[in-house]
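Asks: For reference, the structure I am asking about is given below.
The values are calculated or read from the model by the stated rules, or taken from the named source; none is laboratory data. These numbers come from a predicted model, not from an experiment. Cβ coordinates were reconstructed from backbone atoms using ideal geometry, including for glycine residues, and neighbour counts include every protein chain displayed. Surface accessibility is based on the protein's heavy atoms, side chains included, excluding ligands, DNA and RNA. Shrake-Rupley method; radii C 1.70, N 1.55, O 1.52, S 1.80 Å.
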Amino acid sequence: MKRDFLSLADLSAEKVWGLLNLAISLKKERQEKGSNRPLLAGRTLAMVFQKPSLRTRVSFQLAMMHLGGQALYLSPAEIKLGERESIPDVARVLSRYVDAIMARVYAHDDLLTLAKWAAVPVINGLSDYNHPCQGLADLLTIYEKLGRLQGVKLAYVGDGNNVLHSLIFGASKVGMHLVAATPAGYEPRPDVVKQARIFAQGTGALIEVIRDPHKAVRGADVIYTDTWTSMGQEAEAEERRRIFPPYQVNAKLVAEAKPEVGVMHCLPAHRGEEITDEVADGPHSWLFDQAENRLHAQKAILVDLFEG
Ligand code: CP
Ligand code: NVA
């Protein structure tokens, strides 16, 4: 049966660790030898986008290139998923041409439809529900920086969105302590928290959702934030700008965490809103190592889907 990469919730803890170790070895190989072995020679990936992207688009394209394969970028204007053509038809047509599909969609259900009808693996390049490629790259970054994941305290400050959902699932699989501080009405989905707490029983993870960002960052090894207004929520931007300022990651908040705390953001950042320049460009920032790791983590995802 073909395998998809749609949510970190679908992966066993062993698989998450396997992907992290594979990412580390592929990163090392490229750094030491200047190139990767052509593990995906002759393979092709279609990249379907309903929304803009810098990191996901570039890192997937380069991951395929470095591994000897090819990627096709299909912009929002080209396919018009579900508008010009039905999703089942797009899935079946692309499956006749390429070996795998990566898709960035608005509605997660559209991704599930694509995966259902595609004969080839489908990778989630972000939906309104989650962002598993980001979540895996984030675990990789924390592991590289701290040398461990078990027991690491991550304070997520801001909107309970797609990125947080993948962090929650990721944390629950590797035994982290994740505390999310969100305004009322902007919590992560309760079903995500509930499911992650079940995974946590096997790994010693702790998943908490609270209100107070100051309490969340106390003793934190990592502070993580994301935009207050995700793609597709633009109509709410003004209201969100009124609600979220107490959740800004600024120097004062960072000073309340551990002295060596790392700061993460999946990017793109809205500087002066969820994060200040001082923090994004300061000594605690892991932002660009984190962005780089999208490339290495996705190489592992691709090699595993094709070869695993
Ligand atoms: N973090 C991330 O997914 O960035 P892009 O939207 O630029 O792909
Ligand atoms: N939460 C953001 C992440 C972008 C990578 C969004 O969905 O727009």
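Asks: Please work out which one of (1) of a type in the set (Asp, Glu); (2) open to solvent by less than 10 Å² (accessible area, probe 1.4 Å); (3) free of Cβ contacts under 8 Å to residues at least 12 places away in the same chain is the condition GLU274 fails and give its number.
Replies: Single failed check for GLU274: (3).
Asks: In addition: Could you grab me the full set of residues in the range 147-160 that are open to solvent by 10 Å² or more (accessible area, probe 1.4 Å) and within 16 Å of ligand 2 (Cβ to nearest atom)? Write out each step before concluding.
Replies: Applying the first criterion (open to solvent by 10 Å² or more (accessible area, probe 1.4 Å)) to the range 147-160 yields 147-148, 150-151, 153, 160.
GLY160 - this is the single residue of the range 147-160 that is open to solvent by 10 Å² or more (accessible area, probe 1.4 Å) and within 16 Å of ligand 2 (Cβ to nearest atom).
Asks: So how many residues does the range 38-84 have that are loosely packed, with under 14 Cβ neighbours inside 10 Å and either under 19 Å from LEU305 (Cβ atoms) or within 16 Å of ligand 2 (Cβ to nearest atom) (or both)?
Replies: Qualifying residue count for the region: 6.
Asks: Would you list the helices (runs of 4 or more DSSP H) that sit entirely within the range 1-98 and hold 1 or more residues that are aromatic (Phe, Trp, Tyr)?
Replies: Where helices (runs of 4 or more DSSP H) fall fully within the range 1-98 and carry at least 1 residues being aromatic (Phe, Trp, Tyr), they are 13-33, 55-66, 87-97.
Asks: I need the full set of residues from the range 161-189 which are in a loop (DSSP other than H, G, I, E, B), surrounded by 24 or more Cβ atoms within 10 Å (Cβ to Cβ) and in contact (Cβ under 8 Å) with a residue 40 or more places away in the chain, in order please. Let's see the steps before the verdict.
Replies: Taking the range 161-189 first, the residues in a loop (DSSP other than H, G, I, E, B) are 161, 175-176, 182-189.
Among the residues that remain, those that are also surrounded by 24 or more Cβ atoms within 10 Å (Cβ to Cβ) are: 161, 176.
Once the filter is applied, which keeps residues that are in a loop (DSSP other than H, G, I, E, B), surrounded by 24 or more Cβ atoms within 10 Å (Cβ to Cβ) and in contact (Cβ under 8 Å) with a residue 40 or more places away in the chain, the range 161-189 yields only ASN161.
Asks: Within the group ALA71, ALA103, ALA63, which residue is within 15 Å of ligand 1 (Cβ to nearest atom), touching a His at 6+ places or on another chain (Cβ under 9 Å) and of a type in the set (Gly, Ala, Ser)?
Replies: Step by step, each of ALA71, ALA103, ALA63 is checked, and only ALA63 is within 15 Å of ligand 1 (Cβ to nearest atom), touching a His at 6+ places or on another chain (Cβ under 9 Å) and of a type in the set (Gly, Ala, Ser).
Asks: From (1) more than 19 Å from the chain's Cα centre (by Cα); (2) within 16 Å of ligand 1 (Cβ to nearest atom); (3) acidic (Asp, Glu), pick out the condition that doesn't hold for ASP212.
Replies: Unmet for ASP212, out of (1) more than 19 Å from the chain's Cα centre (by Cα); (2) within 16 Å of ligand 1 (Cβ to nearest atom); (3) acidic (Asp, Glu): (2).
Asks: Does the range 204-228 hold any residues that are open to solvent by 30 Å² or more (accessible area, probe 1.4 Å) and either of a type outside the set (Gly, Ala, Ser) or touching a Ser or Thr at 6+ places or on another chain (Cβ under 9 Å) (or both), and which are they?
Replies: If the condition is that a residue be open to solvent by 30 Å² or more (accessible area, probe 1.4 Å) and either of a type outside the set (Gly, Ala, Ser) or touching a Ser or Thr at 6+ places or on another chain (Cβ under 9 Å) (or both), then LEU206, GLU208, VAL209, ILE210, ARG211, ASP212, HIS214, LYS215, ARG218 are the ones that fit.
Asks: While we're looking at this one, here's another question. Could you grab the pairs with beta carbons closer than 7 Å, sequence gap of 6+ or different chains, first residue in the range 112-129 and of a type in the set (Asp, Glu), second one open to solvent by less than 20 Å² (accessible area, probe 1.4 Å) and within 16 Å of ligand 2 (Cβ to nearest atom)?
Replies: Matching pairs, first to second residue: ASP128/ASN162.
Asks: I'd like the residue in the range 249-308 that is among the acidic types (Asp, Glu) and away from ligand 2 (no atom under 16 Å from the Cβ) and, out of all such residues, is farthest from LYS145 (Cα to Cα).
Replies: Among residues in the range 249-308 that are among the acidic types (Asp, Glu) and away from ligand 2 (no atom under 16 Å from the Cβ), the one farthest from LYS145 (Cα to Cα) is GLU307.
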